[in-house]
Amino acid sequence: MSVTAQSVQAQSAGGEQELTDGFHLIIEALKLNGLNTIYCVPGIPITDLARLAQASGMRVISFRHEQNAGNAAAIAGFLTRKPGICLTVSAPGFLNGLTALANATTNCFPMILISGSSEREIVDLQQGDYEEMDQLAIAKPLCKAAYRILRAEDIGIGVARAIRSAVSGRPGGVYLDIPAKLLSQVIDAELGRKSLVKVIDPAPAQIPAKEAVDRALNLLRQAKRPLIILGKGAAYAQADDAIRDLVEKSGIPFLPMSMAKGILPDTHPQCAGAARSLVLKESDVVMLIGARLNWLLSHGKGKTWGDAPKKFIQIDIEPREMDSNVEIAAPIVGDIESCVSRLLEGMGNDWPNPPEEWIKTVNAKKEENIAKMAPRLRNNSVPMDFHAALGALRTVIKERPDTILVNEGANTLDLARGIIDIHKPRKRLDVGTWGVMGIGTGFAIAAAIETGNRVLAVVGDSAFGFSGMEIETICRYNLPVCVVVFNNNGIYRGTEVNPSGGPDPAITVFVKDARYDKMMEAFGGVGVHATTPDELKRAVEEALDSGKPTLINAAIDPAAGSESGRIGNLNPQSLLKKK
Ligand code: ADP
Ligand code: MG
């Protein structure tokens with residue numbers, strides 16, 4: 001097939017009628033809606049679709065595995081508030097992408113997984129087509145919405161529905177099924193052009209009711225020990241100024257969830273990150289802004305939250321989120337920008353500061369914890385432990401606050417979250433609601449593509465393994481990504497031995513002293529082996545200053561690290577386990 005950038009493809013036999021086809025209509029429907037980047041793995045039946053998209057001027061990023069392309073699309077959605085587009089082949093490629101689509105939906109990231117599929121007539125009779133699978137049925141329960149387009153003249157409306165479904169209300173993942181036959185369907189070009197839809201106001205403002213705002217303000221005004229919790233919904237909303245005004249005007253301590261770090265800097269005087277346990281236990285009125293009371297917040301009850309009676313105010317665009325785990329005393333349903341602006345208006349100009357007693361208690365705890373941590377971050381012993389290595393990276397990020405930090409692993413994740421301060425909004429991307437491993441390189445690639453900023457991916461050696469092959473993609477597109485592999489020779493630790501005494505390695509250990517940096521060199525990137533915090537710091541600085549694709553193998557003490565990082569309590573314990 002010839003590759004052209006125009007929508008006009010073919011002439012009918014008489015030479016009169018201008019024609020177009022499914023390929024071109026999909027590309028034009030996306031472009032018309034400002035969707036100009038596709039994350040994909042090419043193959044049957046979508047290779048020409050990706051090829052034509054590139055020819056038409058779209059940015060097409062070709063990955064090595066669909067899950068990574070899907071993760072890239074998901075985080076592109078989070079960063080831009082437009083659905084990230086992932087394009088996959090049928091059946092197995094679709095299934096690989098589906099994990100990312102489900103993860104995006106769980107995290108409330110807007111994305112559209114477009115997948116080619118085999119012939120409906122054969123699939124539906126289960127006659128054994130090439131890559132036969134009823135993809136629409138399989139996708140449906142795992143995403144926010146799922147559609148199939150069967151006629152070329154429906155492409156415009158199909159893409160419009162997908163976009164609106166992804167970004168309106170609570171954002172999420174949408175599946176769009178495109179059977180191979182649709183792509184080559186030919187229709188009249190004028191009819192095709194007319195069938196395209198530019199979605200007007202895809203994520204309309206949702207204004208909260210005045211009573212809801214007043215109810216919340218009344219509660220907040222009476223609070224003795226108020227707390228604001230910012231979640232990644234607040235980061236997504238890009239209402240940074242309004243949120244900062246609300247926090248500062250109220251004088252209330254705030255706690256950022258991991259991907260909400262940086263909406264206000266972690267170094268802000270009201271940030272209670274270093275006093276997390278205390279504020280969760282002791283607070284009496286808690287205002288949640290774009291954060292859910294799920295497992296990451298111990299469901300709003302139990303030991304973590306203490307015995308003192310607590311009342312919750314919750315701002316969320318999804319009405320059904322209210323009372324999901326505990327009673328919400330003051331639900332405010334609406335988009336965060338609108339809700340926070342209404343709260344600010346309602347607060348007027350003489351809003352009282354929270355009781356001084358409370359602020360003093362929080363600050364004292366903060367100072368105590370920060371002082372306790374400080375020497376561990378400066379520890380220069382070899383082999384490095386997590387704290388020493390992260391202490392070095394903390395300084396690098398402080399000096400380069402526009403860098404986007406991608407973070408996954410167990411100990412690498414849990415410790416980095418606490419140690420590396422984030423100074424600007426949406427500069428920390430991590431494993432999110434599921435705590436899933438494998439997002440690292442996909443997120444890093446999309447972060448570089450979508451923002452043009454430097455990206456630092458700090459990943460455990462185990463986490464890296466799930467998506468490590470994409471370092472080839474990083475090199476191929478020459479992206480300013482520096483991957484630091486925290487290599488402690490295994491999952492959690494590198495010291496476990498096979499309890500049976502047999503010759504196989506224990507289940508959590510990897511090849512000892514592996515050199516992940518050599519992988520990067522294989523693709524023409526920069527590989528560095530770092531054994532001290534100073535070496536690590538210098539190598540990362542060089543990578544971020546040069547923008548060259550770099551992988552640093554940071555040799556971490558194999559004995560450092562605890563089982564499952566900070567969530568070891570989620571492991572069921574066998575009563576019969578041999579000591
Ligand atoms: P975290 O894990 O950081 O606590 P969650 O993903 O649990 O964050 O919660 C994010 C919440 O934000 C979701 O309940 C989602 O419905 C909500 N949300 C996302 N975007 C908006 C928005 N623009 N306005 C209001 N709520 C939003
Ligand atoms: Mg490890």
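The values are calculated or read from the model by the stated rules, or taken from the named source; none is laboratory data. Here the structure is a predicted model, which is why all the values come from computation and not from measurement. As a convention, Cβ positions derive from the backbone with ideal geometry for all residues, glycine included, and neighbour counts pool all protein chains shown.
Values as computed for the structure displayed
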| item | result |
| --- | --- |
| Condition met for Ile114 (assigned by TED's automatic domain parsing to the domain that holds Ile155 and without any contact (Cβ under 8 Å) to a residue 24 or more places away in the chain) | no |
| Hits in the stretch 463-480 (condition: within 10 Å of ligand 2 (Cβ to nearest atom) and crowded, with 21+ Cβ neighbours inside 10 Å) | Ala463, Phe464 |
| Pair list, Cβ < 6 Å and 6+ apart or interchain, from the stretch 283-300 residues that are outside any loop (DSSP other than H, G, I, E, B) to residues that are hydroxyl-bearing (Ser, Thr, Tyr) and surrounded by fewer than 22 Cβ atoms within 10 Å (Cβ to Cβ) | Ser298/Thr304 |
| Failed criterion for Gly502 (all others in (1) closer than 28 Å to Pro401 by Cβ; (2) more than 16 Å from ligand 2 (Cβ to nearest atom); (3) of a type in the set (Gly, Ala, Ser) hold) | (1) |
| Residue within the stretch 359-366 that is surrounded by 14 or more Cβ atoms within 10 Å (Cβ to Cβ), within 16 Å of ligand 1 (Cβ to nearest atom) and not acidic (Asp, Glu) present | no |
| Some residue of the stretch 108-127 being buried (at least 24 other Cβ atoms within 10 Å of the Cβ), more than 23 Å from the chain's Cα centre (by Cα) and more than 16 Å from ligand 1 (Cβ to nearest atom) | yes |
| Index of the failed condition, Val483 passing every other in (1) in a helix (DSSP H, G or I); (2) buried (at least 24 other Cβ atoms within 10 Å of the Cβ); (3) not acidic (Asp, Glu) | (1) |
| Restricting the stretch 505-530 to residues that are assigned to a loop (DSSP other than H, G, I, E, B) and more than 16 Å from ligand 2 (Cβ to nearest atom), the residue that is surrounded by the most Cβ atoms within 10 Å (Cβ to Cβ) | Gly525 |
| Matching entry among Ile252, Ile228, Ile243, Ile313 (being among the β-branched types (Val, Ile, Thr), in a loop (DSSP other than H, G, I, E, B) and modelled with pLDDT of 95 or more) | Ile252 |
| Test: Asn369 is surrounded by 14 or more Cβ atoms within 10 Å (Cβ to Cβ) and touching a helix residue (DSSP H, G or I) at 6+ places or on another chain (Cβ under 7 Å) | yes |
| Residues of the stretch 531-546 classified as surrounded by fewer than 16 Cβ atoms within 10 Å (Cβ to Cβ) and assigned to a loop (DSSP other than H, G, I, E, B), total | 1 |
| Odd one out for Glu337, checked against (1) near ligand 1 (Cβ under 9 Å from one of its atoms); (2) over 18 Å from Pro354 (Cα atoms); (3) in contact with an Asp or Glu (Cβ under 9 Å, 6 or more places away or on another chain) | (3) |
| Any hit, the stretch 259-282, residues being assigned to a strand (DSSP E or B) and either of a type in the set (A, V, I, L, M) or within 12 Å of ligand 1 (Cβ to nearest atom) (or both) | no |
| Residue match in the stretch 80-88 (condition: farther than 22 Å from Ile404 by Cα and touching a helix residue (DSSP H, G or I) at 6+ places or on another chain (Cβ under 8 Å)) | yes |
| Conditions (1) without any contact (Cβ under 8 Å) to a residue 12 or more places away in the chain; (2) not assigned by TED's automatic domain parsing to the domain that holds Leu297; number of the one not met by Met384 | (1) |
